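*Asks:* Structure in structure tokens, see below.
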Amino acid sequence: MTDMGPLHHFPGITVECRDDGMFLSQRHYLLDILDRAGMRDCKPCSTPMDTHSKLSTADGTSVSDPTHYRSIAGALQYLTLTRPDIAYAVQQVCLHMHDPRDPHLAAMKRILRYLQGSQDLGLHLCRTTPIDLTLYSDADWVGCPDTRKSTSGYAIFLGDNLISWSSKRQPTVSRSSAEAEYRAVANGAAEACWLRQLLGELRCPLRRATIVYCDNISAVYLSTNPV
């Protein structure tokens, strides 16, 4: 084996070593996506998506080049490795890759405009104490206008560092917001259990239980009931 020194670059990811930790960025990869989309000089916007509207499968007309749409959507998926702020927006546009339409393309372009104005953002990993796992979960109840399925989301912090996150449509229809939130908590807790086991195998076991935050009282009561 050869020691090649400190890590500086991983495919598509630039690693900047700092006194207090590491900064992971995909700025060059982001600029390449903007070039491929023909939006290198686009006007930036402040948010990655419009929260007041929902993307539907049947809205609008089909795009002229669905292959290009799928290519950009796939590239954005890899960009979420260091940009958790666009995870939900990217998940929404990727749901329609089988039949992309004009509203879906407009939503994708909004993500690209947001990235244009936030090129220097990335993931900061720093030294922190104490080292505990903290989980934040949420759910968008019946968020899909077509299937009425909800979207689960969670973010897991190890100390002050965000190490795992997800935005994913639930496989079944939830009949209440409590059920949707409970599924989100369950998915996040499963990921937290896996992370605790991984840290144990790396000889860095956690001494305290993982704290889980949820903003639904009914889901909290369900989670604390072992029955």
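*Asks:* Any residue in region 178-194 that is within 11 Å of Gly153 (Cα to Cα) sitting within a Cβ distance under 9 Å of a residue that is open to solvent by less than 20 Å² (accessible area, probe 1.4 Å) and of a type in the set (Val, Ile, Thr)? List the pairs, counting only those 6 or more apart or interchain.
*Replies:* So the pair list comes out as Ala180/Thr151; Ala184/Thr151; Gly188/Ile156.
*Asks:* Looking at Thr172 and the list (1) more than 27 Å from Ser56 (Cα to Cα); (2) part of a loop (DSSP other than H, G, I, E, B); (3) not charged (D, E, K, R), which single condition is not satisfied?
*Replies:* Among (1) more than 27 Å from Ser56 (Cα to Cα); (2) part of a loop (DSSP other than H, G, I, E, B); (3) not charged (D, E, K, R), Thr172 violates only (1).
*Asks:* Determine whether region 184-193 contains at least one residue that is modelled with pLDDT of 90 or more, open to solvent by 40 Å² or more (accessible area, probe 1.4 Å) and in contact with a strand residue (DSSP E or B) (Cβ under 7 Å, 6 or more places away or on another chain).
*Replies:* Going residue by residue through region 184-193, those that are modelled with pLDDT of 90 or more are 184-193.
Filter once more, so that each one left must be open to solvent by 40 Å² or more (accessible area, probe 1.4 Å): 186-187, 190-191, 193.
From what is left, the residues that are in contact with a strand residue (DSSP E or B) (Cβ under 7 Å, 6 or more places away or on another chain) are 187, 191.
Yes, the conditions are met somewhere in region 184-193.
*Asks:* Let me ask another. Residues of region 200-227 being surrounded by 12 or more Cβ atoms within 10 Å (Cβ to Cβ) and either modelled with pLDDT of 95 or more or in contact with a Ser or Thr (Cβ under 9 Å, 6 or more places away or on another chain) (or both), which ones? Spell out the reasoning first.
*Replies:* Of the residues in region 200-227, the ones surrounded by 12 or more Cβ atoms within 10 Å (Cβ to Cβ) are 206, 210-214, 216, 218-220, 222-223.
Those that are surrounded by 12 or more Cβ atoms within 10 Å (Cβ to Cβ) and either modelled with pLDDT of 95 or more or in contact with a Ser or Thr (Cβ under 9 Å, 6 or more places away or on another chain) (or both): Thr210, Ile211, Val212, Tyr213, Cys214, Asn216, Ser218, Ala219.
*Asks:* Can you find even one residue in region 156-172 that is of a type outside the set (S, T, N, Q) and crowded, with 20+ Cβ neighbours inside 10 Å? Give the steps one after another, and end with the answer.
*Replies:* First pass over region 156-172, keeping only residues of a type outside the set (S, T, N, Q): 156-160, 162-163, 165, 168-169, 171.
Next, only the ones that are crowded, with 20+ Cβ neighbours inside 10 Å stay: 156.
The answer is yes, given that some residue of region 156-172 is of a type outside the set (S, T, N, Q) and crowded, with 20+ Cβ neighbours inside 10 Å.
*Asks:* Answer yes if at least one residue in region 32-55 is hydroxyl-bearing (Ser, Thr, Tyr), at pLDDT below 95 and over 20 Å from the mean Cα position of the chain (by Cα), and no otherwise.
*Replies:* Within region 32-55, none of the residues are hydroxyl-bearing (Ser, Thr, Tyr), at pLDDT below 95 and over 20 Å from the mean Cα position of the chain (by Cα).
*Asks:* Could you please tell me which pairs satisfy a Cβ distance under 6 Å, a separation of 6+ or placement on different chains, a first residue in region 112-135 that is within 20 Å of Thr82 (Cβ to Cβ), and a second residue that is of a type in the set (Ser, Thr, Tyr) and surrounded by 15 or more Cβ atoms within 10 Å (Cβ to Cβ)?
*Replies:* These pairs meet every condition: Gly122/Ser25; Gly122/Thr82; Leu123/Thr82.
The values are calculated or read from the model by the stated rules, or taken from the named source; none is laboratory data. These numbers come from a predicted model, not from an experiment. Every residue, glycine among them, receives a Cβ derived from its backbone with ideal geometry; neighbour counts consider all protein chains shown. Areas reflect the complete protein model, heavy atoms only, side chains present, ligands, DNA and RNA absent. Shrake-Rupley method; radii C 1.70, N 1.55, O 1.52, S 1.80 Å.
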